[in-house]
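Shown next, in structure tokens, is the structure this report addresses.
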Amino acid sequence: MTAPRALLLTLLLAPTLAFAARVGLTTASCPLDGAAVSVYERLSTNTHGGWDSDLAAYDSESQWRSFALSACPKDGLILPGSNFGRPVSAAQRAALEAALKAQRAAKAPSTTAWERYARAAELRRAMGDDGLEVAQLYLEGSWTARDEAVGVYLGLEGPIEAEQILAYGDAELLKPEGQKLARTLLYNLARVAHRGGFLKARDGYLSRYEALPELTSAEREKSKRLKTLATGPEAAMQRLALVELARFLKASGAPAERVARARYLQADLHRRLGDEDAAIQGYAQVALDEEAPEQLRELAAFLGTRTGL
């Protein structure tokens, strides 16, 4: 369904927003040494921030994924908060201790949200999570980098609407009144294109934005930071997710719906990383899979014709 013109213009001219997340703080025990760990709990949630082609979902406030991980104060164990306070088996304890030792030896960083997610993913794999579960942690990590790149952009409901907004923005930029708003339109179009996974369009908008003579140094830096985050940590986490998705799909016996989700995510990450042939092949598998959820089949059919954008 095509969004009303007034709504599209509102979306394109809206500034980057930042709100405080509605979270609480509780205490649980570390599964290794029993030490007290501060764990966040989500007090409220919504999906008013929309969603992206790789199924990233957004609250209208700052994102829960920024608070979802917790760390043991002594041993540096980083896991989703829901893992704390639960017992671990002797085998899992041994695996966690070995994985933590390896992380310390490698001096694995944990300064940024995506670095913490990378450590958590490694530890959850050591505990025996399957590839789709571990890939989800890498995906969440990639989304924390995207959060920093694009901020909160309300009301963007998936890649089909993203394409509509881009087409509308392109038309507006051809008008005299649109040219006067180019400073706002181009940057927001780049944000929309990135959330939709339309990489060439994103880079084109950013190039045009940075060519505007009236930009301040802060605005130029903002533009460069969007692309740096997108092509650096976000892409790195996506590549790690692809490794785990391949591991999951290589195994047998998973329910058809989980297999379809893994194949869809694999295809979309290939598209977002510029591997068009792999993306088209993966989308076709999902679109033709009668056991796949209808939403994934529809998205796959749509996105399979949108590579190269």
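Observations
- Selection status of residue 119, part of a helix (DSSP H, G or I), buried (at least 23 other Cβ atoms within 10 Å of the Cβ) and touching a His at 6+ places or on another chain (Cβ under 8 Å): no
- Taking the stretch 122-206 as the region of interest, the helices (runs of 4 or more DSSP H) fully inside it that hold 2 or more residues being in contact with a helix residue (DSSP H, G or I) (Cβ under 6 Å, 6 or more places away or on another chain) and of a type outside the set (Ser, Thr, Tyr) are 131-150, 158-173, 182-196.
- Restricting 101, 74, 107 to those that are modelled with pLDDT of 90 or more, part of a loop (DSSP other than H, G, I, E, B) and surrounded by fewer than 14 Cβ atoms within 10 Å (Cβ to Cβ) reduces the list to 107.
- Unique match (being polar (S, T, N, Q) and over 23 Å from the mean Cα position of the chain (by Cα)) among 179, 136, 164: 179
- Failed item in (1) surrounded by fewer than 13 Cβ atoms within 10 Å (Cβ to Cβ); (2) at pLDDT below 95; (3) not in a loop (DSSP other than H, G, I, E, B), with residue 7 passing the rest: (1)
- Selection of the stretch 258-309 for residues being more than 22 Å from residue 233 (Cα to Cα), touching a helix residue (DSSP H, G or I) at 6+ places or on another chain (Cβ under 9 Å) and acidic (Asp, Glu) yields 277, 289, 290, 291, 298.
- Screening 300, 278, 246, 284 for residues that are in a helix (DSSP H, G or I), over 17 Å from residue 134 (Cα atoms), open to solvent by 40 Å² or more (accessible area, probe 1.4 Å) and among the hydrophobic types (A, V, I, L, M, F, W, C) leaves exactly one candidate, 284.
The values are calculated or read from the model by the stated rules, or taken from the named source; none is laboratory data. Because the structure is a prediction, the values reported are computed rather than measured. Neighbour counts are summed over all protein chains in view; Cβ atoms, including those assigned to glycine, are modelled from backbone coordinates with ideal geometry. For accessibility, only protein heavy atoms count, side chains too; no ligands or nucleic acids. Shrake-Rupley method; radii C 1.70, N 1.55, O 1.52, S 1.80 Å.
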